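See below for the structure under consideration.
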Amino acid sequence: MKFLFVPVILSLAVMPAMAEAACTSTSQITDAAALSTLLAGKTLCATRGTDRWQEFHQAGGALIDYKKGQTDPVDPTKQVGTWTVTGNGSGTQVRYSYGQGANYTYKVHTIVQDASYSLCSSTEDLVVSMRVGLGPC
C-alpha cells in the first residue's frame, strides 16, 4: 500500500478539474511559517480517481495515515512518514517522505471559492480539503 499523494484507499473530498487553474503564482502560499501553521494539526483529505486518502500532519513532522481509525483491528491509524516545509518565497513547498526513496514535493495554493487547497507539482495538481485534528474525512 502506498501513501499520501500516492494511491491509498481511504476517504476524501476533491474537485480535480479546479486544481490546474489554482496553481498560479498569485495563489501560492509563499511563507514557510504560514504553510507550516496551516498544515500542522490538520488532516488532508484527497482523492485521485478512485484512490482516496486522509493523512494527519502532526506538529513536529510525523505524517499519520488515519486509515479506518485508531481502534480498528485490521487497518488502524499509524505513522507512515514525515512532512516538512522547505524554502521560502516562490520556492516554499511541502515535502512528504515515506522511506525508501518515496518522496513527494508540492507547492500549496489556495482555492478561495470553496476553501480548498491545490497541491501542485511538475507532474500533477491535487485538490484537497482539510479538517482540524486527527479523524476521518
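The values are calculated or read from the model by the stated rules, or taken from the named source; none is laboratory data. This one's a predicted model, so the numbers in the text were calculated from it and none came from an experiment. When we count neighbours, we look across all protein chains shown, and the Cβ atoms used for this are built from the backbone with ideal geometry, even at glycine.
Would you point out the residue of region 85-117, among those that are in a loop (DSSP other than H, G, I, E, B) and not hydrophobic (A, V, I, L, M, F, W, C), that is nearest to GLY61 (Cα to Cα)?
The extreme case among them is TYR98.
Exactly one condition in (1) in contact (Cβ under 8 Å) with a residue 40 or more places away in the chain; (2) touching a helix residue (DSSP H, G or I) at 6+ places or on another chain (Cβ under 9 Å) is not met by SER90; state its number.
Condition not satisfied by SER90: (2).
Among all residue pairs at least 6 apart or on different chains, which show Cβ distances below 6 Å where the first residue, located in region 59-85, is over 12 Å from GLY135 (Cβ atoms) and in contact (Cβ under 8 Å) with a residue 12 or more places away in the chain and the second is assigned to a strand (DSSP E or B) and of a type in the set (Asp, Glu)?
Filtered contacts from region 59-85: LEU63/GLU55; ASP65/GLU55; VAL80/ASP65.
Among the residues of region 121-137, which ones are among the hydrophobic types (A, V, I, L, M, F, W, C) and farther than 20 Å from ALA59 by Cβ?
LEU126, VAL127
Tell me, which residue of region 37-76 that is surrounded by 19 or more Cβ atoms within 10 Å (Cβ to Cβ) and of a type in the set (S, T, N, Q) is farthest from PRO136 (Cα to Cα)?
My answer is THR47.
State all residues of region 55-92 that are small (Gly, Ala, Ser) and modelled with pLDDT under 90; if no residue qualifies, say none.
Listed by number, the list holds a single entry, GLY69.
Looking at ARG131, ARG95, ARG52, which one is at pLDDT below 95, within 25 Å of THR26 (Cα to Cα) and not polar (S, T, N, Q)?
ARG131
Please find, among ALA102, ALA115, ALA34, the residue that is farther than 23 Å from PRO136 by Cα, more than 14 Å from the chain's Cα centre (by Cα) and free of Cβ contacts under 8 Å to residues at least 40 places away in the same chain.
ALA34
Hey, among GLY41, GLY81, GLY61, GLY69, which residue is among the small types (Gly, Ala, Ser) and more than 14 Å from the chain's Cα centre (by Cα)?
GLY69
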